[in-house]
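The values are calculated or read from the model by the stated rules, or taken from the named source; none is laboratory data. In this text, all values refer to a predicted model and were calculated from it rather than measured experimentally. Quick reminder, even Gly has a Cβ in these numbers, built from the backbone with ideal geometry, and neighbours come from all protein chains shown. Areas reflect the complete protein model, heavy atoms only, side chains present, ligands, DNA and RNA absent. Shrake-Rupley method; radii C 1.70, N 1.55, O 1.52, S 1.80 Å.
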Amino acid sequence: MNTNTFNSIILAFGLTIFNLASEAQEYKRNTFDYVNLASENFPECNDDTYETLDKSLQAIQQNQSKFAVSNSEQVYNSNKDCFAVYDVYGYSLFRNGKWFEGLQIIEEGIKKFGSVPELIKRKSDMSLEMAQLGIGQKNIDGNSVYKSNSVEYEEEQFILENYKSALIDLEYLAENYNRAEEVFYIAKIHQVLGQYDKSNEWFNKLTQDEKYKYEAIFNIADNYISQNKLKEAETELNKVLKDNPKSGVILEKLADIYRKQGEKDKANEFEMQGIYYNNIPYFSDIEYSAESYKLLILFGTDEASAQEKIDKLNEVYKQKDPAYTTDLCLTILLLHANHGNGVEGRATEILESIGKPAVEKVNLLFQQDVSTCTITYLGDVMASAKEESSWELMTQYLPYIANMPMTLIPPNLPEKMIKFDEQRGLIEILKVVKPLLDPSSEETDDPMAELAGFGQYVYYSALKDIKKSKVKKVAKELNYTDKELNLLEKKLE
């Protein structure tokens with residue numbers, strides 16, 4: 001199993017244990033007796049309705065929840081004959097920050113059609129998100145919006161009610177459809193509620209599941225630690241470590257156990273291994289050692305000056321083989337701890353000089369969840385090496401820039417694609433730009449509309465050094481309308 005995948009799944013749920021002793025009862029959730037609501041009457045929508053609803057789902061993926069709401073609302077107001085209308089409209093409202101309105105629509109669908117698993121699953125997902133974010137935060141179009149709930153609730157009681165509601169939904173789904181995902185979430189909810197034995201009962205159902213077995217065992221160990229059953233926790237974690245020897249999450253958890261048991265030296269050794277494997281690319285072939293740990297600390301902290309780091313990097317480049325140097329350079333880019341001091345730039349230059357032998361791992365890092373600055377540096381290497389496998393990844397990534405949250409500086413990937421291949425880069429950029437050139441967006445008075453496509457300027461800046469006649473010719477070949485051509489010319493001024 002890929003240990004990077006293991007680490008990310010373990011951390012994804014993000015539940016926080018808290019004191020649930022509050023007696024406040026301000027917030028209540030509707031619950032349903034799904035057994036008595038059981039029905040096989042789950043009518044499907046016609047093709048035209050599905051096509052329209054799909055536009056809302058696509059808009060949500062593109063961080064355009066306002067359009068998703070207006071589009072699905074029109075369907076809801078004219079056609080309530082299939083459950084998917086309730087699902088998509090409710091989900092659109094929820095993603096637009098209208099939590100309670102979205103839940104109400106989903107519940108209307110359940111009342112009308114019965115225990116539709118898709119609606120119950122959607123309701124449980126909403127409940128989990130509300131429980132995890134609490135009363136002061138919402139995620140809207142890729143951005144965290146704080147102090148966003150107009151109604152005041154007592155936070156701990158609000159969180160508890162949402163977890164309880166999610167449990168009812170998930171337990172029905174688990175009992176009737178036997179899906180591992182629901183079992184996992186049930187176990188996690190019991191864990192956050194401090195019901196560790198109950199949590200382990202559910203996690204034990206997953207220890208033979210190929211996808212969830214390692215997560216299940218890890219969480220069983222976590223529950224044992226919470227109960228101070230340290231030996232039992234150590235036994236469970238070593239089961240996982242056997243197949244995931246480079247999992248920093250497991251190594252650091254074992255370090256905690258050894259420290260609690262008074263085994264200080266062993267705890268320190270496991271902690272250093274955990275720190276090391278948590279901060280290098282999962283595909284790196286540089287094994288943990290005193291030397292490699294020292295290098296990680298050198299490049300990942302401020303203990304050394306930028307020049308000292310560059311000197312060390314140059315020394316490695318001269319003395320080590322290209323494979324080792326590639327792994328170190330990619331570690332530096334992954335760490336993102338040297339932004340603006342020249343170290344990341346030097347690592348990129350070395351990767352470019354290594355060339356094609358570095359591309360396979362450059363591509364692997366490109367597909368990880370890395371900073372947008374790292375994407376730009378990797379784009380430099382890709383543009384220099386000009387491997388077709390890299391081009392495919394760049395093309396796939398290109399559309400995501402259009403709807404990145406305004407909290408992120410977009411990667412300068414379009415420029416790197418032009419550097420890779422001007423003609424092909426121009427075509428791909430213009431393909432992405434065409435649907436973004438909406439004449440109505442130029443006429444709106446909504447100040448938020450200007451921010452919706454915050455990162456789109458990187459598309460146009462990449463085209464400014466290309467002859468306008470060439471850009472216009474390719475745009476016409478891509479069936480740009482006259483209005484779209486005019487808007488494109490304005491963007492390129």
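Provide the FRET efficiency to the nearest 0.05 for the F42-E129 pair, computing r from the beta carbons and using R0 = 22 Å. Could you put the intermediate results ahead of the total?
Values: r = 24 Å, r/R0 = 1.11.
So the FRET efficiency works out to roughly 0.35.
Using Cα positions and a limit of under 15 Å, work out the aspartates and glutamates in reach of K312, with same-chain residues fewer than 8 apart set aside.
Within the straight-line cut-off, K312 pairs with E291, D302, E303, D321, D327, E344, E349.
By residue number, which cysteines of the chain lack any other Cys whose Cβ falls under 4.7 Å from their Cβ?
Singleton cysteines: C329, C373.
Highest mean first, what order results for 315-325, 336-346 on Cβ atoms within 10 Å?
Working: 315-325: 13.7, 336-346: 16.5.
Ranked from most to least packed, the peptides come out as 336-346, 315-325.
Among V433, T376, Y282, pick out the residue whose Cα is farthest towards the positive end of the charge dipole of the chain, where Lys and Arg carry +1 and Asp and Glu carry -1 on C-beta, about the Cα centre.
Ranked along the dipole, the leading option is T376.
Residue by residue through segment 456-473, what is 3J(HN,Hα) from phi via Karplus (6.51 cos²θ - 1.76 cosθ + 1.60, θ = phi - 60°)? Round to whole Hz and write x for glycine and proline.
Coupling constants for segment 456-473: 5, 4, 5, 5, 6, 5, 6, 9, 5, 8, 8, 3, 4, 5, 5, 4, 5, 4 Hz.
Cα convex hull of segment 39-157: mean projected area in nm², to one decimal?
The orientation-averaged projected area of the Cα hull of segment 39-157 comes to 7.4 nm².
Out of segment 212-296, which GluC sites (Glu not before Pro) are coil in DSSP terms and have no more than 13 other C-beta atoms within 10 Å?
Here the GluC sites (Glu not before Pro) that fit, given the DSSP loop and packing criteria, are E287.
Semi-axes of the equivalent ellipsoid for segment 152-192, please: Cα gyration tensor eigenvalues, times 5, square-rooted, ordered largest first, whole Å. Show your work: numbers first, answer last.
Numbers: eigenvalues 107, 20, 6 Å².
Ellipsoid half-lengths, sorted descending, are 23, 10, 5 Å.
When the Karplus curve 6.51 cos²θ - 1.76 cosθ + 1.60 is applied with θ = phi - 60°, which whole-Hz ³J(HN,Hα) does each residue of segment 203-220 get, with x for Gly and Pro?
4, 4, 5, 10, 5, 10, 7, 4, 7, 10, 4, 5, 4, 5, 5, 4, 6, 4
Given C-alpha coordinates of the chain, what is the ratio Rg to Rh with the Kirkwood estimate of Rh?
Rg/Rh: 1.00.
How big is the C-alpha Rg of segment 271-416 next to the rule-of-thumb value 2.2 N^0.38 Å, as a ratio? Before the final figure, lay out each step's value.
Numbers: Rg = 14.9 Å, N = 146, 2.2 N^0.38 = 14.6 Å.
Cα-based Rg divided by the globular estimate yields 1.02.
Measure off, as a whole percent, the carbon and sulfur share of the 1.4 Å-probe accessible area of segment 286-355, all protein chains present.
For segment 286-355, the apolar C and S fraction of the accessible surface comes to 50 percent.
May I ask you to work out the translational diffusion coefficient for segment 210-278 at 20 °C, viscosity 1.002 mPa s, via Stokes-Einstein with Rh from the Kirkwood sum over Cα pairs, reported in whole µm²/s? Numbers along the way, then the final one.
Working: Rh = 11.8 Å.
D = 182 µm²/s.
Here are some pairs, K28/K66; K253/K318; K66/K386; K98/K211; K111/K213; K205/K361; which of them have Cα atoms lying more than 29 Å apart in this structure?
Values: K28/K66 27 Å; K253/K318 37 Å; K66/K386 40 Å; K98/K211 34 Å; K111/K213 36 Å; K205/K361 37 Å.
Table pairs above 29 Å Cα-Cα are K253/K318; K66/K386; K98/K211; K111/K213; K205/K361.
If N is the number of residues in segment 167-262, what value comes out of its Cα radius of gyration divided by 2.2 N^0.38 Å?
Computed over Cα atoms of segment 167-262, the ratio equals 1.10.
Taking the Cα centre as origin and putting +1 on Lys and Arg beta-carbons and -1 on Asp and Glu beta-carbons, what dipole magnitude results for segment 90-193, to the nearest 20 debye? Kindly include the intermediate steps, with their values, before the conclusion.
On the way: 12 positive and 17 negative charges, 55 e Å.
It works out to roughly 260 debye.
Could I have the simple spin-label model distance between Q227 and K490, label points 7 Å from Cα toward Cβ, reported in nm to one decimal?
6.6
Averaging over every viewing direction, what projected area does the convex hull of the Cα atoms of segment 92-203 cover, in nm²?
Details: hull surface 29.2 nm².
Computed as one quarter of the Cα hull surface, the answer is 7.3 nm².
Could you state the accessible area per residue of the chain in Å², with a 1.4 Å probe and every protein chain left in place? If you can, show how the numbers build up before the last one.
Values: 24220 Å² over 493 residues.
Result: 49 Å² per residue.
Per residue of segment 363-380, in order, report the coupling 6.51 cos²θ - 1.76 cosθ + 1.60 (Karplus, θ = phi - 60°) as ³J(HN,Hα) in whole Hz, putting x for Gly and Pro.
For segment 363-380, the Karplus-derived couplings read 5, 5, 5, 4, 8, 7, 7, 10, 5, 5, 5, 5, 4, 5, 4, 5, x, 4 Hz, x marking Gly and Pro.
Among Q74, M272, A337, which residue has its Cα furthest toward the positive end of the charge dipole of the chain, with +1 on Lys/Arg Cβ and -1 on Asp/Glu Cβ?
Working it through, the farthest residue towards the positive pole turns out to be A337.
From the helices alone, meaning DSSP H stretches of at least four residues, give me the mean residue ellipticity at 222 nm for the chain, per-run term -39500 (n - 2.57), in deg cm²/dmol to the nearest 500.
On the way: 27 runs with 326 residues, N = 493.
Helix contribution divided over all residues of the chain: -20500 deg cm²/dmol.
Output the Cα-based Rg and Dmax of segment 274-338 in Å, rounding Rg to one decimal and Dmax to a whole number.
10.9, 29
Taking a cut-off of 20 Å between Cα atoms, list the lysines near K434, but don't count ones fewer than 8 places away on the same chain.
K55, K416, K464, K467, K468, K470, K472, K473, K476, K483, K490, K491
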